[in-house]
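Below is one structure, written out as structure tokens, with a few remarks after it.
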Amino acid sequence: MYKRQTDNSIIVEKDGRKGLVDSTGKKVIDTEYKDIKALGTDYKLGYIVIDEDNNYGVVDCNNQKVLATKYKDIKQMTDDGKYIVKEKDNWELVNKDGTAQENKALEDARDVTGIKLGNIIIENDKNKLGVINQDGEEIVSTDYDSIAFAFTDTFIVEEKGKFGLVNAENKMVIDPIYESMSYVESADLIEASEDGITSNLINNSLETKLSGIVSEINTSKSYIKIRVNDQDKYYNFRFEEQSEKDINTSNTLFLTKQAGKYGFVDKNDKEVVECIYDDAKAQNAYGYAAVQKDGKWGVIDQTGKVVVEPTYDLSDSMQIDFIGEWHLGNVDSNATYYTK
């Protein structure tokens, strides 16, 4: 039995005990532990190991013990190589040799939920969260229902079910008015929505750069797809508008609009589908494009041929997409499915 643990290692199991091998099958950690967790995405950071008595320790990538398996819990490493551990009933900040660094605020915390750039998100005994630094100094007061890291020295906070942004001076810099708010680290932007449908995209200067219905933030190709004024538009992560052809270089069809109607052209701007549709979606990864006429949706293929005439009423759907004759059903928290 095996499963990937990081990009460089695989968990293996023998006689109910777990260990690690690298991608060549070479042993990294002996099969002697109840469980193994990565400290990060790279094997060089080492691993948290848990023995049969539920004691936690740390082992490096050379199978050498860094911290003895004697702790009740261990969180990830800080950026300067310290560990946050729970010994007896208190959290501590310890060095690789196991010596503790005094941090009264950390010792008094009930839980630790995040570590980044020397800042530590803690939870108190009233289920409220705040942020401290490695010296125990308060960065954000423990007044919030949830906290997540955002831009450098800024934090997404939840207050009475609404989300806003607090800086490292404990000042609210974006009021908690949003129903949802998340930080997209690879794009260095925040997506925030007041109604669960339309989003504001906010840059690291806390400026709202775009507003609309976000359908995709593609971190591999570094673009944003957003519907603004009933049109799908593309932007790079500098919020510079891009053409669909620049983004989807393998597509055969590209949206065009004339006299308020939608159609499709090829990459040379030659008309493939006449502008007869009231609405349309860009060609998806499977080669299909949704088209709407008289309030009903259908689909065309990559050549512009009609696969399904506009017959589906999808007015209750948050997202319109087709794979052949199958259209995207109402997406729930458990699954994405297609139906017809």
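The values are calculated or read from the model by the stated rules, or taken from the named source; none is laboratory data. Nothing here was measured: the structure is a model prediction, and the numbers come from that model. With ideal geometry, Cβ positions are generated from the backbone for all residues, glycine too; neighbour counts draw on all protein chains shown. Side chains included, ligands, DNA and RNA excluded: accessible areas come from the protein's heavy atoms. Shrake-Rupley method; radii C 1.70, N 1.55, O 1.52, S 1.80 Å.
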key: Filtered GluC sites (Glu not before Pro), region 170-248: DSSP coil and at most 15 other beta carbons within 10 Å   = 179, 185, 194, 207, 240
task = Starting from the Cα of residue 87, step 7 Å along the direction of its Cβ; do the same at residue 27; then give the gap between the two resulting points in nm.
result = 3.0
message = Quick check: net charge around residue 177, other residues with Cβ under 13 Å of its Cβ, Lys/Arg +1 and Asp/Glu -1?
response = -4
note = Among region 126-166, those whose backbone N falls under 17 Å of a label point 7 Å along Cα→Cβ from residue 179 are 159-164
Set of region 79-109 residues, backbone N closer than 18 Å to the point 7 Å along the Cα-Cβ line of residue 168 = 79-82
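With charges only on Cβ, +1 for K and R and -1 for D and E, what is the dipole size of the chain about its Cα centre, in debye, rounded to 20?
Working: 42 positive and 63 negative charges, 204 e Å.
Dipole size: approximately 980 debye.
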task = Kindly provide the trypsin sites (Lys or Arg not before Pro) of region 154-197 that DSSP labels as loop, not H, G, I, E or B, and whose Cβ sees at most 12 other Cβ atoms within 10 Å.
result = 160, 171
Positive-end extreme of charge dipole, the chain - chosen from 196, 133, 10 (charges on Cβ) = 10
ask   = Fully extended, how many nm does the chain gain between residue 336 and residue 45 (0.36 nm per residue separation, minus their Cα-Cα distance)?
value = 101.3 nm
task = Quick one: pull the percent of accessible area on region 150-275 belonging to carbon and sulfur, 1.4 Å probe, ligands and nucleic acids left out.
result = 40
query = Under a GNM of the chain (C-alpha, springs under 10 Å), which listed residue has the highest mean-square fluctuation: 318, 172, 181?
reply = 318
task = For the chain, calculate the relative contact order in percent as a whole number, restricting contacts to Cα pairs under 8 Å that are 6 or more residues apart.
result = 5
task = May I ask for the distance between the Cα centers of region 124-149 and region 152-211, given as a whole number of Å?
result = 18
ask   = Measuring with a 1.4 Å probe in the full set of protein chains, what accessible area per residue, in whole Å², belongs to the chain?
value = 54
